[in-house]
């Protein structure tokens, strides 16, 4: 049998028999397990859409026909079937294949995705453009049931059902997002059963209505009991979608190639919006992933036999430290309520959800609702702790500003995965939070460098008034033992060492980098001061007043624009001081390890020190400033 790299995909799919396609599905699953076990990635979601993706490329003609993948972490099979199998050895590695659809990577990736609930809106936009321009191609949106917990999907379906642009929506229903799906929609989908009666009856009526007066009269009569027919006699499972004006097919077995292909062909032949409801199993074909779909949603390199990670750290993650400490806080404070957006286990709240379920709320992939829900809790005197990825909080900017900050409500936002996060790339890096939080009145922003500071900040925030955001990075943290609670924690700026004309101010996790930069510069004959910043907003500038250096270097794990360095520069606007800002550039940073990206963008200690020395050399030549003494001398 051919290797996946030997095929001419997607063209070869058109001539393959049903039996060949079934064998192809087996080969693809084996390929995914082999490759992703080495590189890490989103394995369970991709194993669940193998047959569905084969059928899509069998029926439709990519790239002419547009396939939009909601979120995009289920697009690996699509990448294989569009000629990118060879790239899987470098999947999610620096310079390698992205784990998400990227238009710059292939013409078959119709739209860049990474956050959920966007696909139907994008698909409708493309379909409307097609219709306005008089072009001829199909538009297909593939969306999971987890994404249907987000409001944007309903805004799109409401508009689509009204405008009637032809879009085919594939509802990939596996009962999961990352955590188990929650809410009324999840329950509704869980009750749906196959019903052919309604669709057959509907087709019969349409076929018989020939446009005559008698037919129109009959049609009016039929309309009077249409809804009763749907709700009772025919037990139509798709009544929700039908009432929005979108034709519903299903549910069908998403792992039955024949069924899926037939449904796609049928939808292709209609000139109206259609939902095809496919029931799939996350992790299909790999026992470990079927049994533990959450664990295998996104995973690092693992042993394909046992399913166990190849690398285990003895140190806890920031997420785990946060979750355990919040649980202990909530046990002692009945006003604390934990909120997450379909990321309970990922943000460290698994134990909390088990031990205090009455004060735990997973709102689904609905960040906007989660933030305003927190506002309601805070308004009534409770203390909401909103645990969310930094990049996902961007989706609730307006709610943060209008519903939390405007009323100065006491809600604490625990921003996991702040800064560069690695292999997930542009859509998941949390490098913009400082920039938008800095614009919000009443907001306080903190950043710990280790586990003890994270715990101390959480306790400090619990006693504060108004909104507080604590941003912390992905991965393991040092000093995770419980801090001495008798020592009062006061966030702000702490002078670590005295210097002369140069000072380095670092924020949060960048402190070790700052220490190394200082060591390099000191070896070059510059006596550098060092300031550790734990509260970025409001920003304490008293260390500057103590020393008044000629040069301040700021280091942050955020974009420079609007971040910590800019914040400090604004505070010291009237001071005669050069501020050299180091952070991420004004661009979307690709996937890669922190070390690889820091090297490329000049954020390693060596490259920061080199940039500083180059600036100093140019400045000395220009102004003749003598370095080595305090400015005040």
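So here's what we get for this one:
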item: Residue satisfying all of: in segment 417-433; within 16 Å of residue 298 (Cα to Cα) and in contact with a strand residue (DSSP E or B) (Cβ under 7 Å, 6 or more places away or on another chain); surrounded by the fewest Cβ atoms within 10 Å (Cβ to Cβ) among these; result: 421
item: Test: residue in segment 401-415 that is closer than 29 Å to residue 41 by Cβ, in contact (Cβ under 8 Å) with a residue 40 or more places away in the chain and in a loop (DSSP other than H, G, I, E, B); result: no
item: Among residues of segment 276-294, those that are farther than 22 Å from residue 23 by Cβ and touching a helix residue (DSSP H, G or I) at 6+ places or on another chain (Cβ under 7 Å), counted; result: 3
item: Complete set of residues in segment 238-275 that are at positive phi and in contact with a helix residue (DSSP H, G or I) (Cβ under 6 Å, 6 or more places away or on another chain); result: 245
item: Candidates 300, 307, filtered to the one that is outside the structural domain of residue 28 (by TED's automatic domain parsing), surrounded by fewer than 21 Cβ atoms within 10 Å (Cβ to Cβ), at positive phi and at pLDDT below 95; result: 307
item: Hits in segment 236-259 (condition: in a helix (DSSP H, G or I), in contact (Cβ under 8 Å) with a residue 12 or more places away in the chain and under 21 Å from residue 153 (Cβ atoms)); result: 240, 241, 242, 244
item: Given (1) over 25 Å from the mean Cα position of the chain (by Cα); (2) over 30 Å from residue 475 (Cβ atoms); (3) surrounded by 21 or more Cβ atoms within 10 Å (Cβ to Cβ), index of the condition residue 407 fails; result: (3)
item: Segment 287-296 - residue that is surrounded by fewer than 22 Cβ atoms within 10 Å (Cβ to Cβ) and under 20 Å from the mean Cα position of the chain (by Cα) and, of those, nearest to residue 36 (Cα to Cα); result: 295
item: Hits in segment 58-88 (condition: surrounded by 24 or more Cβ atoms within 10 Å (Cβ to Cβ) and touching a strand residue (DSSP E or B) at 6+ places or on another chain (Cβ under 9 Å)); result: 67, 68, 69, 70, 71, 73, 74, 75, 76, 78
item: Residue check, residue 450 free of Cβ contacts under 8 Å to residues at least 60 places away in the same chain, assigned by TED's automatic domain parsing to the domain that holds residue 330 and within 29 Å of residue 312 (Cβ to Cβ); result: yes
item: Members of segment 587-601 that are part of a loop (DSSP other than H, G, I, E, B) and surrounded by 15 or more Cβ atoms within 10 Å (Cβ to Cβ); result: 589, 590, 591, 592, 601
item: Conditions (1) within 19 Å of residue 98 (Cβ to Cβ); (2) crowded, with 24+ Cβ neighbours inside 10 Å: number failed by residue 9; result: (2)
item: Search result, residues across segment 354-365 that are in contact (Cβ under 8 Å) with a residue 12 or more places away in the chain and more than 17 Å from residue 411 (Cα to Cα); result: 355, 356, 364, 365
item: Segments classed as strands (runs of 3 or more DSSP E), wholly inside segment 534-586, with at least 3 members that are touching a residue at least 24 places away in the same chain (Cβ under 8 Å), within 31 Å of the chain's Cα centre (by Cα) and under 18 Å from residue 492 (Cβ atoms); result: 535-537, 551-559
item: Sole exception among (1) under 26 Å from residue 607 (Cβ atoms); (2) assigned by TED's automatic domain parsing to the domain that holds residue 387 for residue 455, by number; result: (1)
item: Per-region count, segment 131-156, residues part of a helix (DSSP H, G or I) and either in contact with a strand residue (DSSP E or B) (Cβ under 7 Å, 6 or more places away or on another chain) or surrounded by 24 or more Cβ atoms within 10 Å (Cβ to Cβ) (or both); result: 6
item: Enumeration of residues in segment 521-533 that are in contact (Cβ under 8 Å) with a residue 40 or more places away in the chain and closer than 16 Å to residue 494 by Cβ; result: 532, 533
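Each row is one residue, and each column tells you yes or no for (1) surrounded by fewer than 17 Cβ atoms within 10 Å (Cβ to Cβ); (2) touching a helix residue (DSSP H, G or I) at 6+ places or on another chain (Cβ under 6 Å).
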| residue | (1), (2) |
| --- | --- |
| 435 | no, no |
| 439 | yes, no |
| 451 | no, yes |
| 457 | no, no |
| 460 | no, no |
| 464 | yes, no |
| 475 | yes, no |
| 478 | yes, no |
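The values are calculated or read from the model by the stated rules, or taken from the named source; none is laboratory data. What you are looking at is a predicted structure, and each value in this text was computed from that prediction instead of being measured. Note that we place each Cβ from the backbone using ideal geometry, even for glycine, and neighbour counts take in every protein chain shown.
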